[in-house]
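The structure under discussion appears below in the form of structure tokens.
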Amino acid sequence: MNSRALRAVSRDIVRELGVFAKKCGKVELSPVEAHILIELESASLTSLQLVERLRIDKSNASRVLQKMLEQGLIEWQAHVSDKRSKQAVLTLAGKELLQAVHGQYDGEINQVLQQLSQSELQALEAGLFLYRQALMKARAQQGYQIRPMLEADNQGIAAVIRQVSAEHGLSAAQGYGVSDPHLDQLYPCYQQAGAAYWVIQQDSGELLGGAGIAPLAGAAGSVCELQKMYLLSSSRGLGFGQRLLNIACDFAQQAGYQQCYLETTASLPAALALYKKMGFRQITEAMGDTGHHSCEIFMLKDL
């Protein structure tokens, strides 16, 4: 599925759910008002927290909240820990109206679910969770880009590799990747056929990480190696690791490789978990000649 097709399906879903309607079916609430009630059902929230959760602008939120206050659906209470702030909570009238919203939409969605078999329901659930997760990651990654490495990136990416290696105690003396003699001149290493390197760059220009693909030295031409995958702590937890691996594996497959090999260490548990999630399996012996001797974990993925 490409972006245009996904946008078309998303628009159809939004229309079918009545998001553009002035009210929620028979309930005298706008969709935004209904969502505010739903958010407040589980916790009291400040206006700023509601703005962030619902992705609406502050002025719109202020008008809606004032209207709901006047209707007696919410009330403001002092913040538990910040006396300068107020939190919105549901009134009894707000809770009763929310139950009407739940009753109406639960009934409508149950009719939708009845159109699907158990296997289709499982596929729907998995797909929706993936879509939601991707949306959240994409939003978290705003202000960053992943792009092919430029020659001007040599110094920046070398600094990233040294910083992350030091963070995890992976020294050059121990024979880890940071000991590579070409570390300060990585760009030329990825200009050969079947090789590429990508960097994560913040809008400010700072490099935050990267990863590369190259033929595995000393192995069959059908095997490539995932190389120099390092992310600064500030870029972790945002989904960049998985995105880099997707880009690298897609490139490797298009370049004609049949397998992707990597070497890692138990000192990097988060990276190890990501590799397993992305389909890399642990093998018992090293492959090829990577030039490193300290990584004790060898992994392979069929492309």
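If we scan segment 265-284, do we find a residue that is assigned by TED's automatic domain parsing to the domain that holds L183, within 17 Å of L303 (Cβ to Cβ), among the β-branched types (V, I, T) and touching a residue at least 24 places away in the same chain (Cβ under 8 Å)? No; the residues of segment 265-284 include none that is assigned by TED's automatic domain parsing to the domain that holds L183, within 17 Å of L303 (Cβ to Cβ), among the β-branched types (V, I, T) and touching a residue at least 24 places away in the same chain (Cβ under 8 Å).
Restricting segment 237-258 to residues that are part of a loop (DSSP other than H, G, I, E, B) and within 14 Å of the chain's Cα centre (by Cα), the residue that is modelled with the lowest pLDDT is G237.
Restricting the first member to segment 82-99 and to residues that are part of a strand (DSSP E or B), and the second to residues that are among the hydroxyl-bearing types (S, T, Y) and surrounded by fewer than 20 Cβ atoms within 10 Å (Cβ to Cβ), the beta-carbon pairs closer than 6 Å and six or more apart or on different chains are Q87/S44; Q87/T46; V89/S44. Inside segment 103-126, residues that are of a type in the set (S, T, N, Q) and part of a helix (DSSP H, G or I) make up a count of 6. If you check S294, S204, S234, S267 for being within 23 Å of D153 (Cα to Cα), part of a loop (DSSP other than H, G, I, E, B) and among the polar types (S, T, N, Q), only one passes: S204. For segment 97-112, the condition holds for at least one residue, the condition being that it is of a type in the set (G, A, S), in contact with a strand residue (DSSP E or B) (Cβ under 8 Å, 6 or more places away or on another chain) and surrounded by 11 or more Cβ atoms within 10 Å (Cβ to Cβ). In summary, H292 fulfils each of the numbered conditions (1) in contact with a Phe, Trp or Tyr (Cβ under 7 Å, 6 or more places away or on another chain); (2) buried (at least 18 other Cβ atoms within 10 Å of the Cβ) with the single exception of condition (2). Residues in segment 26-55 that are in a loop (DSSP other than H, G, I, E, B), hydrophobic (A, V, I, L, M, F, W, C) and touching a residue at least 40 places away in the same chain (Cβ under 8 Å): L29 alone. When A78, A88 are screened for being small (G, A, S), over 30 Å from K277 (Cα atoms) and surrounded by 14 or more Cβ atoms within 10 Å (Cβ to Cβ), only A88 passes. One residue stands out in segment 1-49 among those that are hydroxyl-bearing (S, T, Y) and within 16 Å of Q87 (Cα to Cα): the one that is surrounded by the fewest Cβ atoms within 10 Å (Cβ to Cβ), namely S42.
The values are calculated or read from the model by the stated rules, or taken from the named source; none is laboratory data. Note that the structure is a prediction, hence the values are computed from the model and not measured. FYI the Cβ positions are ideal-geometry reconstructions off the backbone, even for glycines, and counts take in every protein chain you see.
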